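Before any comments, here is the structure.
The values are calculated or read from the model by the stated rules, or taken from the named source; none is laboratory data. From a predicted model like this one, the values you see are computed outputs, not experimental measurements. Please note that ligands, DNA and RNA were not included when accessible areas were found on the heavy atoms of the full protein model with its side chains. Shrake-Rupley method; radii C 1.70, N 1.55, O 1.52, S 1.80 Å.
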Amino acid sequence: MRRNNLNLEDAEARISAQLPLKDKARMARHVLDNSGEWSITKRQVILLHAELERSLEYLPLRLGVLTGLAGIVSLLYLLTATLLP
C-alpha cells in the first residue's frame, strides 16, 4: 500500500482482481514452490535449471545470441582492418 500509495479499499480491490494462484500455476510451464524451506526451493531451482539446459526449448535463443555475437565480432574485425593500416 505504501509503495503504490494505495488506501485499503484500493489495495483490496487490486488483490481481488488478481488471478488465483492455482490458475496461474495451471497455465505455467514451470512452477517453483517457495513456501517451504530455503534448501527445498534451492533444490527446485537447481533441478529446473538443469532441465532447461538439457532441453532444446532455448536452442533457437542460444543460436541467435551466438549468431549475433559472431556478427558483431565480424563487423569489429572489418572496421579495424579497414580503418587501421
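Filter the chain for me: DSSP H helices, axial length by Cα at least 27 angstrom, mean Kyte-Doolittle hydropathy not below 0.0. List them by residue number. Present the calculation step by step, with values, prior to reporting the outcome.
Numbers: long enough: 59-83 (36 Å, 1.72).
Qualifying helices: 59-83.
Solvent-accessible area of Glu12, probe 1.4 Å, all protein chains present, reported in Å² to the nearest ten, please.
110
Quick one: in the chain, what % of C-alpha pairs are over 22 Å apart?
Values: 2287 of 3570 pairs.
Of all Cα-Cα distances in the chain, 64 percent exceed 22 Å.
Give me a comma-separated list of calculated 3J(HN,Hα) values for the range 17-23, in order, Karplus coefficients 6.51, -1.76, 1.60 applied at θ = phi - 60°, integers in Hz, x for any Gly or Pro.
Rounded to whole hertz, the list is 7, 6, 5, x, 4, 5, 6.
What is the percent carbon and sulfur in the accessible area of the chain, measuring with a 1.4 Å probe over the protein chains and ignoring ligands? Mind dumping the intermediate values first?
Values: 5100 of 8010 Å².
C and S fraction of accessible area: 64 percent.
With each run of n ≥ 4 DSSP H residues scored as -39500 (n - 2.57), what mean residue ellipticity at 222 nm is computed for the chain after dividing by its residue count and rounding to the nearest 500 deg cm²/dmol?
Details: 4 runs with 58 residues, N = 85.
Calculated from helices alone, the mean residue ellipticity at 222 nm is -22000 deg cm²/dmol.
Cut-off 10 angstrom, C-alpha nodes, Gaussian network model of the chain. Which of Arg26, Arg43, Arg54 fluctuates the most?
Among Arg26, Arg43, Arg54, the largest GNM mean-square fluctuation belongs to Arg26.
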